[in-house]
Amino acid sequence: MTLFTSDDVTAIKLTVMLASTVTVILLIISTPVALWLASTHSKWKGFVSALVAMPLVLPPSVLGFYLLIAMGPEGPLGMLTTSLGLPSFAFSFSGLVIASVFYSLPFVVQPIQNAIESLGARPLEVAATLRAGKLDTFFTVILPLSKAGFYTAAVLGFAHTVGEFGVVLMIGGNIPGETQVISVKIYEHVESLNYAQAHTLSLTMVLFSFLTLALLYSIQKPKSKN
Amino acid sequence: MKSNTLSANLFLRREDFELTIDITAPTNGVTAIFGASGSGKTTLLRCIAGLEKGAKGSVKFKEQIWQSEKTFIPVHKRPLGYVFQEASLFDHLTADKNLQYAIARGSNNTVTTKQQAVELLGIGDLLQRYPEQLSGGERQRVAIARALLVQPELLLMDEPLASLDAPRKAEILPYLEKLKSELSLPILYVTHAIDEIARLADYIIVMEMGKVLMQGTAGEVFSSVKFSHFQGEDTASILSGKVIEIDEEFHLCTVKSEELLLQCRDLSYDVGKSVRVRILARDVSLTTSSPAKSSILNSFDATVAEVQEDKHPGLTLVKIKIGDNHIVCRISSKSAHELSIKVGSKVWAQIKSVAIIQ
């Protein structure tokens, strides 16, 4: 008995690959952004916060549309790839990664920012009086004390990327092995009235989502140390 | 010539508060920054440490410029240790790892070894515990040890006892006294508690509403009439001296401060021990004629140096000079009038009780 068709397996692998890549990139990008947002008194804070949070309220198709234009031959990203002699990002895995980074940004920035804000200034001041520089303080104080925030951010970033549909369809289309992720594959199964396969994949997604959230809430539950 | 002072000339404006200070404090012993809450004493300490980015002005410690118009040495590059008011241990590290954190980053010029710090603060049994498994007093002791282990040249302490209840305070004060007597580390100590400065401070900076109200040695400040309104009922003078004699028959000891010999209850201090004594203003009475035999042991001739009405008009504060020592007494205004006490008057002072506080 085969649960998944080979196309399904390809879609699952691609989705995991996409979500992992995006999560790693997002953790790297979001950490400095969250650090800045958590500590700044700059007048730009509101502006940057709003920009980061945009994907929360914007329809994915709008985001996808503008990214597609940016990646097109006349768009800034498109011109960049052309001038570097690279293939266009549109309808490619790289394009999906870029789009997903924008789309999932708030889900990664916000938990990290909240965790750092809840630390307050005191641990950082203490570290400074113990001769720890900025980077040292980040790795030895901020990171271990806001671990839960980083886990939450990683889980949410991964799960949210797995669950995206609209942006993928706009940017990536439906190319097996390149841009055909699970959510798009389910859509295709339904379009071709292949309900049994749609069921299998959908149920997999339901289980995945539930387990992810269960994991998330157990991270967030305050744990006693050691 | 080498400068042996800490000088700070600082200005900081906040929405509802302004700090303007210009101080020069000695860099030996304990300098207390004293004031009511909201007087700006913690802010001053933070400015000196470099924790207040908005502060303008200059900070100079001995020969090192920590802040000036052009320079601002970041906190982590200043050779200081800092003890915060409330427990500030890293929650994710054991007490031992907290100490290691300081040792790994502190100066290589080891003045205080880990063993010394652990013994000094009596925390040997606590090292494997996490901060949440320690009491408030224990945490504060670990935090003090940690601050010592960065090998600071100046230790800043921000009301280290304020968040503790009376028994915990009593638990830590002896450690602070030991710290003061065993290490030659200058300490800047912020507090609003008179008994703490009476026991610890060598030099006192009194702050009020973001400004320095007065500063001087502990003896000078305590014997100043102006300082009495901070002390209220318990206005007292502090004299430092040495135990020079023990009278075993009557359980008394003699403390010599400058030329003054004071008889106090014997608290089994050794002869030669440096002590401080506290004389409550209400325990000093004045007469204009040499007193006849009396139950009062400590009786001296003195000169009136300052006379001022107390907060209640029925009372008068009189500062008298006995040799090189100054003592504040509180007498009724009626007595002051009847004895016609004024600056320069010769009087006899009788001190009913002298308490050794350290």
Legend entry - Most positive-pole-ward Cα, B:131, B:281, B:215, against dipole of the protein assembly as shown from beta carbon charges: B:215
Inset, instruction - For a quick protection proxy, order the peptides B:74-87, B:108-121 by their average other-Cβ count within 10 Å, most packed first. - result: B:74-87, B:108-121
Inset, instruction - Would you tally the net charge around residue B:103, using a Cβ to Cβ cut-off of less than 11 Å, leaving residue B:103 out, and scoring K and R as +1, D and E as -1? - result: +4
Legend entry - Candidates B:295, B:68, B:184, ranked by Gaussian network fluctuation over chain B, Cα under 10 Å, top entry: B:295
Inset, instruction - Using the 2.2 N^0.38 Å rule of thumb for compact globular proteins, work out how the stretch B:236-356 stacks up: its C-alpha Rg over that value, please. - result: 1.08
Legend entry - Whole-Hz ³J(HN,Hα) from phi, Karplus 6.51 cos²θ - 1.76 cosθ + 1.60, for the stretch B:59-74, glycine and proline x: 9, 10, 10, 6, 8, 8, 8, 8, 8, 8, 4, 9, 10, 9, 6, x
Inset, instruction - With r as the distance between the Cβ atoms of residue B:73 and residue B:18 and R0 = 25 Å, compute the FRET efficiency 1/(1 + (r/R0)^6) and round to 0.05. - result: 0.55
Legend entry - Cα-based Rg / Dmax (Å) for chain B: 22.4, 69
Inset, instruction - Go ahead and run the numbers for FRET between residue B:28 and residue B:312, Cβ-Cβ distance against an R0 of 41 Å, rounding to 0.05. - result: 0.55
Inset, instruction - Calculate the mean, over all residues of peptide A:130-138, of how many other protein chain Cβ atoms lie within 10 angstrom of the residue's Cβ. - result: 6
Inset, instruction - Among the lysines, select those whose C-alpha is under 17 Å from the C-alpha of residue A:13, and discard any that sit fewer than 8 residues away in the same chain. - result: A:185
Inset, instruction - Report, ordered by chain and residue number, the lysines lying within cross-link reach of residue B:273, taken as a straight Cα distance under 21 Å and ignoring same-chain residues fewer than 8 apart. - result: B:178, B:180, B:242, B:256
Inset, instruction - Could you give the size of the charge dipole of the protein assembly as shown about its Cα centre, using +1 on the Cβ of each K and R and -1 on the Cβ of each D and E, expressed in debye and rounded to the nearest 20? - result: 680
Legend entry - Highest-fluctuation residue, A:139, A:65, A:91 considered, GNM on chain A with Cα pairs under 10 Å: A:139
Inset, instruction - Report, as an integer, the average count of C-beta atoms from other chains found within 10 Å of each Cβ along A:113-126. - result: 2
Inset, instruction - Using a 10 Å cut-off on Cβ to Cβ distances, tally the other chain neighbours for every residue of B:87-96 and report the average as a whole number. - result: 4
Inset, instruction - Only helical DSSP H runs with n ≥ 4 go in: add -39500 (n - 2.57) per run for chain B, normalise by residue count and round the 222 nm mean residue ellipticity to 500 deg cm²/dmol. - result: -6500 deg cm²/dmol
Legend entry - Cα-centred dipole magnitude for the stretch B:5-222, charges only on beta-carbon of K, R (+1) and D, E (-1), debye, nearest 20: 660
Inset, instruction - Report, in debye and to the nearest 20, how large the dipole of the stretch A:11-163 comes out about its Cα centre when Lys and Arg carry +1 and Asp and Glu carry -1 on their Cβ. - result: 240
Legend entry - Pair residue B:9, residue A:218: separation of 7 Å Cα→Cβ label points (nm): 6.4
Inset, instruction - For residue B:303 and residue B:290, calculate 0.36 nm times their separation in residues minus their Cα-Cα distance, and state this gained length in nm to one decimal. - result: 3.3 nm
Legend entry - Set of aspartates and glutamates with alpha-carbon distance to residue B:62 below 19 Å, sequence-local pairs under 8 removed: B:22, B:153, B:202
Legend entry - Other-chain or far-sequence residues with amide H under 5 Å of residue A:175's (modelled H): A:180
Inset, instruction - Give me the percent of DSSP beta bridges within the stretch B:5-222 that run antiparallel, rounded to the nearest 5. - result: 60
Inset, instruction - Just grab the label-to-label distance for residue B:62 and residue A:45, each label 7 Å out from Cα along the Cβ direction, in nm (one decimal). - result: 3.9
Inset, instruction - State, as an integer percentage, the relative contact order of the stretch B:223-327 based on alpha-carbon contacts under 8 Å between residues 6 or more apart. - result: 27
Inset, instruction - Please list the helices of chain A that count as membrane-span-like by this rule: a mean Kyte-Doolittle hydropathy of at least 1.0 together with Cα atoms stretching 15 Å or more along the helix axis, each helix being a complete DSSP H run. - result: A:6-39, A:45-57, A:60-71, A:93-119, A:195-220
Legend entry - Which of A:194, A:84, A:141, positive extreme of dipole for chain A (C-beta unit charges): A:141
Inset, instruction - Calculate the spin-label point distance for residue A:82 paired with residue A:139, positioning each point 7 Å from the Cα along the beta-carbon direction, and give it in nanometres. - result: 4.4
Inset, instruction - Pairs to check: A:147/B:53; B:311/B:346; B:311/B:342; A:43/B:53; A:134/B:60; B:226/B:311. Give those whose C-alpha atoms are more than 21 Å from each other in this structure. - result: A:147/B:53; B:311/B:346; A:134/B:60
Inset, instruction - Work out, in µm²/s and without decimals, the Stokes-Einstein translational diffusion coefficient of the protein assembly as shown at 25 °C, 0.890 mPa s, Rh from Kirkwood over C-alpha pairs. - result: 84
Inset, instruction - Run a plain Debye calculation on chain A (Cα atoms as equal point scatterers, no solvent) and give log10 I(q)/I(0) at q = 0.11, 0.16 Å⁻¹, rounded to two decimals, same order as the q list. - result: -0.65, -1.13
Inset, instruction - May I ask you to list the residues of the stretch B:190-229 whose amide nitrogen lies under 16 Å from a point 7 Å from Cα along the Cα→beta-carbon direction of residue B:52? - result: B:190-191, B:205-213
Inset, instruction - Can you tell me how much longer the chain between residue B:334 and residue B:234 gets when fully stretched, taken as 0.36 nm per residue apart minus their C-alpha distance, in nm with one decimal? - result: 33.9 nm
Legend entry - Gain upon complete extension [residue A:119, residue A:204; 0.36 nm per residue less C-alpha separation]: 26.9 nm
Inset, instruction - Would you work out which of B:117, B:76, B:308 lies farthest towards the positive end of the dipole of the protein assembly as shown, given +1 charges on the beta-carbon of Lys and Arg and -1 on that of Asp and Glu, about the Cα centre? - result: B:308
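Every number in this text was worked out from the coordinates using simple rules, so none of it is lab data. Just so it is clear, the model here is predicted, and its values are computed rather than measured. In this analysis, Cβ positions are derived from the backbone assuming ideal geometry, glycine residues included, and neighbour counts consider all displayed protein chains.
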